[in-house]
Amino acid sequence: MGNSATRRRAAAQRHEQIRAKTSGLVRQEIIHPCFIADVMLGRLAKWLRIAGFDVLYSNRFSDDELISLSNRDGRILLSRDTRLLVRKPVRDFIFLESQNVQDQIRQILGALNLTVLPSLLTRCLSCNETLVSASREMVRKSIPVFVYETQRQFKSCPKCGRIFWAGTHRSSVIRTLEKLLPENKVDWHGGQPA
Ligand SMILES: [Zn+2]
(Lines give C-alpha, C1' and ligand atoms only; values in the text may rest on other atoms or scores of the structure.)
Protein backbone atom coordinates (compact mmCIF):
# COMPACT_ATOMS: atom_id res chain seq x y z
CA MET A 1 0.00 0.00 0.00
CA GLY A 2 2.82 2.32 0.91
CA ASN A 3 4.31 1.73 -2.48
CA SER A 4 1.24 2.55 -4.49
CA ALA A 5 0.63 5.67 -2.41
CA THR A 6 4.20 6.75 -3.15
CA ARG A 7 3.71 6.05 -6.84
CA ARG A 8 0.50 8.04 -6.90
CA ARG A 9 2.19 10.92 -5.16
CA ALA A 10 5.08 10.82 -7.64
CA ALA A 11 2.65 10.77 -10.58
CA ALA A 12 0.70 13.70 -9.15
CA GLN A 13 3.96 15.57 -8.71
CA ARG A 14 4.90 14.97 -12.35
CA HIS A 15 1.51 16.26 -13.47
CA GLU A 16 2.09 19.38 -11.39
CA GLN A 17 5.54 19.90 -12.96
CA ILE A 18 4.13 19.36 -16.44
CA ARG A 19 1.35 21.86 -15.86
CA ALA A 20 3.91 24.44 -14.78
CA LYS A 21 6.08 23.74 -17.84
CA THR A 22 3.19 23.81 -20.33
CA SER A 23 2.08 27.39 -19.88
CA GLY A 24 4.88 28.87 -22.03
CA LEU A 25 3.99 27.00 -25.19
CA VAL A 26 0.26 27.66 -25.03
CA ARG A 27 0.70 31.41 -25.17
CA GLN A 28 2.78 31.30 -28.33
CA GLU A 29 1.15 31.99 -31.66
CA ILE A 30 2.17 29.07 -33.80
CA ILE A 31 0.77 29.26 -37.28
CA HIS A 32 2.38 26.24 -38.89
CA PRO A 33 3.12 23.86 -36.05
CA CYS A 34 4.95 20.63 -36.67
CA PHE A 35 5.03 17.72 -34.31
CA ILE A 36 6.79 14.62 -33.15
CA ALA A 37 4.60 11.94 -31.59
CA ASP A 38 5.85 9.40 -29.08
CA VAL A 39 5.75 5.67 -29.81
CA MET A 40 2.29 5.17 -28.26
CA LEU A 41 0.60 7.68 -30.55
CA GLY A 42 0.62 6.06 -33.99
CA ARG A 43 -3.09 6.58 -34.59
CA LEU A 44 -2.91 10.22 -33.62
CA ALA A 45 0.07 10.74 -35.93
CA LYS A 46 -1.91 9.30 -38.82
CA TRP A 47 -4.92 11.52 -38.14
CA LEU A 48 -2.79 14.64 -37.93
CA ARG A 49 -1.12 13.70 -41.22
CA ILE A 50 -4.56 13.27 -42.81
CA ALA A 51 -5.27 16.87 -41.82
CA GLY A 52 -1.97 17.85 -43.43
CA PHE A 53 0.21 18.38 -40.37
CA ASP A 54 3.90 17.50 -40.44
CA VAL A 55 4.22 14.75 -37.81
CA LEU A 56 7.34 12.74 -37.26
CA TYR A 57 6.56 9.29 -35.91
CA SER A 58 8.31 5.98 -35.56
CA ASN A 59 7.66 3.19 -33.12
CA ARG A 60 11.43 2.84 -32.86
CA PHE A 61 12.23 6.30 -31.50
CA SER A 62 13.83 6.22 -28.06
CA ASP A 63 12.97 8.90 -25.51
CA ASP A 64 16.33 10.57 -26.15
CA GLU A 65 15.69 10.64 -29.90
CA LEU A 66 12.20 12.09 -29.38
CA ILE A 67 13.62 14.89 -27.29
CA SER A 68 16.57 15.70 -29.55
CA LEU A 69 14.46 15.66 -32.75
CA SER A 70 11.86 17.84 -31.08
CA ASN A 71 14.46 20.40 -30.06
CA ARG A 72 16.49 20.22 -33.27
CA ASP A 73 13.53 20.76 -35.63
CA GLY A 74 11.31 22.85 -33.35
CA ARG A 75 8.73 20.07 -33.29
CA ILE A 76 6.12 20.01 -30.56
CA LEU A 77 6.48 16.76 -28.67
CA LEU A 78 3.16 14.96 -28.25
CA SER A 79 3.02 12.47 -25.42
CA ARG A 80 0.98 10.95 -22.62
CA ASP A 81 4.13 9.89 -20.82
CA THR A 82 4.72 12.12 -17.81
CA ARG A 83 8.13 10.56 -17.13
CA LEU A 84 9.26 11.65 -20.57
CA LEU A 85 7.78 15.13 -20.38
CA VAL A 86 9.23 16.11 -17.02
CA ARG A 87 12.74 15.55 -18.33
CA LYS A 88 14.75 18.76 -18.35
CA PRO A 89 15.64 19.04 -22.05
CA VAL A 90 11.98 18.73 -23.10
CA ARG A 91 10.97 22.17 -24.35
CA ASP A 92 7.84 22.43 -26.48
CA PHE A 93 5.30 19.73 -25.78
CA ILE A 94 1.65 18.95 -25.31
CA PHE A 95 0.73 16.50 -22.61
CA LEU A 96 -2.29 14.64 -23.97
CA GLU A 97 -4.83 14.03 -21.29
CA SER A 98 -7.11 11.59 -23.07
CA GLN A 99 -6.51 8.21 -24.70
CA ASN A 100 -9.21 9.00 -27.24
CA VAL A 101 -7.74 10.17 -30.53
CA GLN A 102 -10.49 12.70 -31.27
CA ASP A 103 -10.13 14.21 -27.79
CA GLN A 104 -6.39 14.37 -28.39
CA ILE A 105 -6.81 16.26 -31.65
CA ARG A 106 -9.30 18.62 -30.02
CA GLN A 107 -6.83 19.28 -27.23
CA ILE A 108 -3.97 20.00 -29.66
CA LEU A 109 -6.02 22.35 -31.83
CA GLY A 110 -7.34 24.09 -28.72
CA ALA A 111 -3.95 24.38 -27.02
CA LEU A 112 -2.41 26.01 -30.11
CA ASN A 113 -5.59 27.95 -30.83
CA LEU A 114 -5.60 26.59 -34.36
CA THR A 115 -8.66 27.43 -36.37
CA VAL A 116 -7.13 26.60 -39.73
CA LEU A 117 -6.21 23.11 -40.81
CA PRO A 118 -3.43 22.62 -43.37
CA SER A 119 -4.85 20.57 -46.21
CA LEU A 120 -6.15 17.10 -46.82
CA LEU A 121 -4.09 14.73 -48.93
CA THR A 122 -0.87 16.65 -48.78
CA ARG A 123 1.15 14.14 -46.77
CA CYS A 124 1.85 10.46 -46.97
CA LEU A 125 0.08 8.75 -44.09
CA SER A 126 2.89 6.22 -43.80
CA CYS A 127 6.02 8.33 -44.00
CA ASN A 128 4.96 11.97 -43.57
CA GLU A 129 6.53 12.93 -46.91
CA THR A 130 4.87 15.74 -48.90
CA LEU A 131 2.85 14.21 -51.73
CA VAL A 132 3.35 15.20 -55.34
CA SER A 133 0.76 15.27 -58.11
CA ALA A 134 0.63 12.24 -60.36
CA SER A 135 -1.20 11.94 -63.63
CA ARG A 136 -3.92 9.34 -64.15
CA GLU A 137 -1.84 7.60 -66.75
CA MET A 138 1.20 7.46 -64.49
CA VAL A 139 -0.70 5.65 -61.73
CA ARG A 140 -2.94 3.55 -63.96
CA LYS A 141 -1.08 0.29 -63.44
CA SER A 142 -0.93 0.71 -59.68
CA ILE A 143 -4.59 1.33 -58.92
CA PRO A 144 -7.82 -0.65 -59.24
CA VAL A 145 -9.71 -0.14 -62.51
CA PHE A 146 -12.70 1.25 -60.62
CA VAL A 147 -10.54 3.94 -59.09
CA TYR A 148 -8.96 4.77 -62.44
CA GLU A 149 -12.40 5.19 -63.96
CA THR A 150 -13.95 7.26 -61.18
CA GLN A 151 -11.12 9.47 -59.93
CA ARG A 152 -9.40 12.34 -61.68
CA GLN A 153 -6.80 13.55 -59.21
CA PHE A 154 -3.98 11.49 -57.82
CA LYS A 155 -0.99 12.11 -55.66
CA SER A 156 1.96 9.91 -54.91
CA CYS A 157 4.57 9.70 -52.19
CA PRO A 158 8.10 10.28 -53.49
CA LYS A 159 9.50 8.11 -50.70
CA CYS A 160 7.35 4.97 -50.49
CA GLY A 161 5.49 5.27 -53.80
CA ARG A 162 2.00 4.92 -52.30
CA ILE A 163 -0.75 6.50 -54.37
CA PHE A 164 -3.52 8.58 -52.85
CA TRP A 165 -6.82 9.81 -54.21
CA ALA A 166 -9.84 11.51 -52.73
CA GLY A 167 -11.80 8.33 -52.14
CA THR A 168 -15.18 7.89 -50.57
CA HIS A 169 -14.20 8.44 -46.95
CA ARG A 170 -12.97 11.90 -47.59
CA SER A 171 -16.06 13.88 -46.66
CA SER A 172 -16.55 11.96 -43.43
CA VAL A 173 -12.91 12.58 -42.52
CA ILE A 174 -13.38 16.29 -43.17
CA ARG A 175 -16.55 16.40 -41.09
CA THR A 176 -14.83 14.64 -38.21
CA LEU A 177 -11.83 16.96 -38.27
CA GLU A 178 -13.97 20.06 -38.58
CA LYS A 179 -15.96 19.12 -35.52
CA LEU A 180 -12.74 19.09 -33.51
CA LEU A 181 -11.73 22.66 -34.29
CA PRO A 182 -12.18 25.19 -31.48
CA GLU A 183 -15.65 26.73 -31.66
CA ASN A 184 -16.26 24.82 -34.87
CA LYS A 185 -14.60 27.55 -36.84
CA VAL A 186 -13.46 26.03 -40.02
CA ASP A 187 -10.97 26.94 -42.64
CA TRP A 188 -8.44 25.11 -44.74
CA HIS A 189 -5.20 26.35 -46.22
CA GLY A 190 -4.91 25.90 -49.93
CA GLY A 191 -8.59 26.16 -50.83
CA GLN A 192 -11.49 23.77 -50.58
CA PRO A 193 -10.48 20.31 -49.44
CA ALA A 194 -13.51 18.47 -50.79
ZN1 LIG B 1 5.16 7.44 -48.20
Discussion item. Could you tell me how many of the residues in the range 117-146 are open to solvent by less than 60 Å² (accessible area, probe 1.4 Å) and assigned to a helix (DSSP H, G or I)?
Written reply: 1
Response to the item:
When the range 119-139 is checked residue by residue, the ones that are under 14 Å from the mean Cα position of the chain (by Cα) and away from the ligand (no atom under 14 Å from the Cβ) are 119, 120
Discussion item. I'd like the residue in the range 152-162 that is free of Cβ contacts under 8 Å to residues at least 24 places away in the same chain and surrounded by fewer than 16 Cβ atoms within 10 Å (Cβ to Cβ) and, out of all such residues, is farthest from the ligand (Cβ to nearest atom).
Written reply: 152
Worksheet item: open to solvent by less than 50 Å² (accessible area, probe 1.4 Å), at positive phi and in a loop (DSSP other than H, G, I, E, B) - does that describe any residue in the range 65-84?
Response: yes
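The values are calculated or read from the model by the stated rules, or taken from the named source; none is laboratory data. Nothing here was measured: the structure is a model prediction, and the numbers come from that model. Methodologically, a virtual Cβ is constructed for each residue, glycine included, from the backbone with ideal geometry; neighbour enumeration extends over all protein chains shown. Note: areas computed on protein heavy atoms with side chains; ligands, DNA, RNA excluded. Shrake-Rupley method; radii C 1.70, N 1.55, O 1.52, S 1.80 Å.
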